[in-house]
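Here's the structure we're looking at; comments come further down.
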Amino acid sequence: MRRTVRTGSLIVATLALLPLLGACAIEKPAEIPVPSQDQSSTVPVPEQSATPSATPEPPAPPTFDKTARSIDDPNSIWVVVDKLRPLQPQDYTPPDLVDVPVAHTWEPLMRQEASDAIVRMFAAARDEAGLYLASNSAYRSYQTQVDIYDGNDSLTARPGYSEHQTGLVMDIGAESGRCSLDACFGETPEGQWLAANAWRFGFLLRYPADKTPVTGYEFEPWHYRYIGTDLAAEMHDTGVTTLEEYFGLPAAPNYP
């Protein structure tokens, strides 16, 4: 009986302590604060330096090759002939001279390539502008230059120094004959059309009005020299008007 009472007392005592023991044993773990949506949005984010993407440079335009043809070989369509640069040999004769089928004063001869270009140019003047051109002079041989040279070095080249001897030149006028071989030809519709359009067909006005100190010749608005469409377009686009300046050659106002 005493044993039962003790056991019961122990049970009663144990039961009395349960609330206190449970409070300690079942204590909630400490709560970890979780940032709110607003708080998380204010967390600073390291800025990333913006590295601009490199803009590729455009490719350089192709450079015109000034060495593509010889300026010394008389057979080259770029040969430069002036008072410091005679033809070599001085009695040179082009190997491919042909009759030029255009209106003319004297029957013209030119090298084949230049002749073909002249024919196209005369046709364009007629078709585009209603203008009719004619040849006043074209190829002249060394001996012909001997016969016509009059000692006036500003108007006529010495034998062996004439561009006419290359077979690449034509003195062009109006078919009407107006201002033929005269400075006033530059003021005619034919002269103005040639000055504006000859480059399209590979021709250069060889002796401009403002370049006498370079070329050694007075203004000849009728004297057109064939240099090919590539070089003619290059000189037109760059604004260089003489072969001496374009190729970096000395001015040739006088004979040595």
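The values are calculated or read from the model by the stated rules, or taken from the named source; none is laboratory data. Since the structure is predicted, the reported quantities are computational estimates derived from the model, not experimental observations. With ideal geometry, Cβ positions are generated from the backbone for all residues, glycine too; neighbour counts draw on all protein chains shown.
Among (1) crowded, with 16+ Cβ neighbours inside 10 Å; (2) outside any loop (DSSP other than H, G, I, E, B), there is one condition R140 misses while meeting the rest; what is its number?
Evaluating R140 over (1) crowded, with 16+ Cβ neighbours inside 10 Å; (2) outside any loop (DSSP other than H, G, I, E, B) leaves (2) as the failure.
Of the residues that make up segment 197-207, is at least one surrounded by fewer than 20 Cβ atoms within 10 Å (Cβ to Cβ) and of a type in the set (K, R)?
yes
Quick check on this structure: which one of V146, V169 is loosely packed, with under 15 Cβ neighbours inside 10 Å, within 21 Å of Y92 (Cα to Cα), of a type outside the set (D, E, K, R) and modelled with pLDDT of 95 or more?
Answer to the check: V146.
Residue by residue through segment 183-206, note down the ones that are small (G, A, S) and closer than 15 Å to A117 by Cβ.
Start the filter on segment 183-206 by keeping residues that are small (G, A, S), which leaves 183, 186, 191, 195-196, 198, 202.
Residues satisfying the conditions are A198, G202.
When segment 85-143 is examined, which residues are found to be more than 23 Å from G177 (Cα to Cα) and hydroxyl-bearing (S, T, Y)?
Of everything in segment 85-143, those that are more than 23 Å from G177 (Cα to Cα) and hydroxyl-bearing (S, T, Y) turn out to be Y92, T93, S141, Y142.
Regarding A54, is this residue surrounded by 10 or more Cβ atoms within 10 Å (Cβ to Cβ) and either over 21 Å from A232 (Cβ atoms) or modelled with pLDDT under 95 (or both)?
No.
With the checklist (1) surrounded by 10 or more Cβ atoms within 10 Å (Cβ to Cβ); (2) at pLDDT 80 or above; (3) farther than 22 Å from A252 by Cα in hand, flag the one item R69 doesn't pass.
Of the numbered conditions (1) surrounded by 10 or more Cβ atoms within 10 Å (Cβ to Cβ); (2) at pLDDT 80 or above; (3) farther than 22 Å from A252 by Cα, the odd one out for R69 is (3).
Looking only at strands (runs of 3 or more DSSP E) that lie completely in segment 143-256, which have at least 3 residues being among the acidic types (D, E), in contact with a Phe, Trp or Tyr (Cβ under 6 Å, 6 or more places away or on another chain) and more than 23 Å from P74 (Cα to Cα)?
none
Which one is farthest from H236 (Cα to Cα), of the residues in segment 177-195 that are of a type in the set (A, V, I, L, M, F, W, C) and in contact (Cβ under 8 Å) with a residue 60 or more places away in the chain?
Selected residue: W193.
So how many residues does segment 138-176 have that are over 20 Å from P213 (Cα atoms), in contact (Cβ under 8 Å) with a residue 40 or more places away in the chain and small (G, A, S)?
Number of matching residues: 6.
Residues checked against (1) buried (at least 17 other Cβ atoms within 10 Å of the Cβ); (2) under 23 Å from A123 (Cα atoms); (3) not aromatic (F, W, Y):
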| site | (1), (2), (3) |
| --- | --- |
| T188 | yes, yes, yes |
| Q192 | no, yes, yes |
| E218 | no, no, yes |
| Y226 | yes, yes, no |
| T229 | no, yes, yes |
| A233 | no, yes, yes |
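Considering only segment 235-245, how many residues are in contact with a helix residue (DSSP H, G or I) (Cβ under 8 Å, 6 or more places away or on another chain) and in contact (Cβ under 8 Å) with a residue 12 or more places away in the chain?
Summing the residues that are in contact with a helix residue (DSSP H, G or I) (Cβ under 8 Å, 6 or more places away or on another chain) and in contact (Cβ under 8 Å) with a residue 12 or more places away in the chain in segment 235-245 gives 6.
Out of P95, P108, report the one residue that is over 21 Å from L243 (Cβ atoms) and crowded, with 20+ Cβ neighbours inside 10 Å. Break it down stepwise before answering.
On the way: P95 fails: crowded, with 20+ Cβ neighbours inside 10 Å.
It is P108.
Yes or no: Y161 over 17 Å from E220 (Cβ atoms) and among the aromatic types (F, W, Y)?
no
Determine which member of the set R126, R120 is basic (K, R) and out of contact with any helix residue (DSSP H, G or I) (no Cβ under 8 Å at 6 or more places or on another chain).
R126
Please determine whether any residue of segment 106-113 is among the hydrophobic types (A, V, I, L, M, F, W, C), within 21 Å of Q143 (Cβ to Cβ), in contact (Cβ under 8 Å) with a residue 24 or more places away in the chain and not in a loop (DSSP other than H, G, I, E, B).
Yes, segment 106-113 has at least one match.
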